[in-house]
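Participant: One structure follows; several queries about it will come next.
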Amino acid sequence: MKDSLKIAVAGATGYTGIELVKILSRHPKVKINYLCAQKSIGKSIYSFDHSIKKKLPKISHISKINWKNVDALFTALPNGEAQKIVTKIPNRIKLFDLSADFRLKNKKLYKKWYGLDHRSSELINKSIYSITEFVRDKLKNYNIISCPGCYPTSIQIPLVPLIKENMIDVNNIIIDSKSGYSGAGKNVKKKFSFKNLFESVSAYGVGSHRHMAEIDQELSKYSKKKVSVFFTPHLIPMFRGILSTIYIKTNKKYKAKNLYDALKNYHKKNFFVKIEKFNKAIGTGDVINTNFCKLAVCEDRTRNRVIIISALDNLIKGASGQAVQNMNVVYNFNETLGLK
């Protein structure tokens, strides 16, 4: 176990990057040696978030990094950037990528959904897609750790255990997700200039949201047959938080209470997954500014239909917090370090 881990953060000034810096700056085993961005060179990270109290390096360009002074690199960059960087860094450095560059295992699917040719496709199979709770024992074997999207995290944490136990009908999964607008990044106002973001709820990416490929890939992996979910995301007039409401049918012999018991049992050792009492609804207020994902299992009026509600903070458990949780496991730190 290292006494002090030397860190570089690329993309430090975006919503996710700032949240990552805040977490890492209070982590007792971490020393941040570089904060990088394309713009704002020479500025203090404090000017982006006054809550950051620790004295940290000024923002610099990634080309200025001396890789001898780095053990791990976090990339909170636009899609397409991490795949360029990874080929230029020493093999000993662990990459924790918060973009989509290594999430999809098929480079053709990456091209289809993100419109980019993958520039380091030979490394895709040398990376691991990591929701910590599902691959904890495998993480140390990889140098490229791909951190999942926020919506897919909220969806997989409740569904994967049930799919593994063959408790639900994977051909009929309907997901309605609502996110604070920070999930769309710093350019959200430009991206959605035609919508009144702050006074309305807006569906977007209907039938074609990029995260659908990621969700289908991972659920298919665990079910061992092709899964194609119904998924519609919405932006709601708040800054952070995701609430995913998932409608499922059980396989014949199971009822809602069986699903609840299965999730309780599966996640009993997962500190950051909390299960609400049976049939009690939840909201994002339960998890904001934490690395927790909270789940609720509720009965429907019709037998064999169940509603599962999943809440998390998209900037923490859906992004930066999960990345640090992965880092803690890789370096044999307590999994909760810096995240409580």
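Participant: For region 59-148, please list each of the strands (runs of 3 or more DSSP E) lying entirely inside it that holds at least 2 residues being without any contact (Cβ under 8 Å) to a residue 60 or more places away in the chain and either under 19 Å from the mean Cα position of the chain (by Cα) or within 22 Å of residue 324 (Cα to Cα) (or both). Break it down into steps so the answer makes sense when it comes.
Facilitator: Details: elements: 72-75, 94-97, 127-129, 144-146.
Ranges flagged: 94-97, 127-129, 144-146.
Participant: Also: What are the residues in region 112-133 that are surrounded by fewer than 18 Cβ atoms within 10 Å (Cβ to Cβ), of a type outside the set (Lys, Arg) and farther than 16 Å from residue 95 by Cα, if any?
Facilitator: Listed by number, the residues that qualify are 115, 116, 117.
Participant: Among the numbered criteria (1) closer than 18 Å to residue 172 by Cα; (2) in contact (Cβ under 8 Å) with a residue 12 or more places away in the chain; (3) in contact with a helix residue (DSSP H, G or I) (Cβ under 9 Å, 6 or more places away or on another chain), which one does residue 226 miss?
Facilitator: Going through (1) closer than 18 Å to residue 172 by Cα; (2) in contact (Cβ under 8 Å) with a residue 12 or more places away in the chain; (3) in contact with a helix residue (DSSP H, G or I) (Cβ under 9 Å, 6 or more places away or on another chain) one by one, residue 226 breaks only (2).
Participant: State whether the residues of region 165-174 include one that is in contact with a strand residue (DSSP E or B) (Cβ under 9 Å, 6 or more places away or on another chain), in the same structural domain as residue 244 (by TED's automatic domain parsing) and modelled with pLDDT under 95.
Facilitator: Yes, because at least one residue in region 165-174 is in contact with a strand residue (DSSP E or B) (Cβ under 9 Å, 6 or more places away or on another chain), in the same structural domain as residue 244 (by TED's automatic domain parsing) and modelled with pLDDT under 95.
Participant: Taking region 26-42, which residues are buried (at least 21 other Cβ atoms within 10 Å of the Cβ) and either at pLDDT below 95 or under 22 Å from the mean Cα position of the chain (by Cα) (or both)? Full working, then the answer.
Facilitator: First pass over region 26-42, keeping only residues buried (at least 21 other Cβ atoms within 10 Å of the Cβ): 30, 32, 34-37.
Scanning region 26-42 gives 30, 32, 35, 36, 37.
Participant: Considering only residues that are surrounded by fewer than 22 Cβ atoms within 10 Å (Cβ to Cβ) and within 17 Å of residue 15 (Cβ to Cβ), which ones fall in region 75-96?
Facilitator: Correct list: 78, 79, 81.
Participant: Let me ask something else about it. Report, ordered by the first and then the second residue, all pairs with beta carbons closer than 6 Å, sequence separation of six or more or different chains, a first member in region 246-259 that is free of Cβ contacts under 8 Å to residues at least 60 places away in the same chain, and a second member that is outside any helix (DSSP H, G or I) and surrounded by fewer than 17 Cβ atoms within 10 Å (Cβ to Cβ).
Facilitator: Close Cβ pairs satisfying both conditions: 256/299.
The values are calculated or read from the model by the stated rules, or taken from the named source; none is laboratory data. The shown structure was predicted, so the numbers you read here are calculated from the model rather than taken from an experiment. Cβ atoms come from the backbone with ideal geometry, glycine included; neighbour counts cover every protein chain shown.
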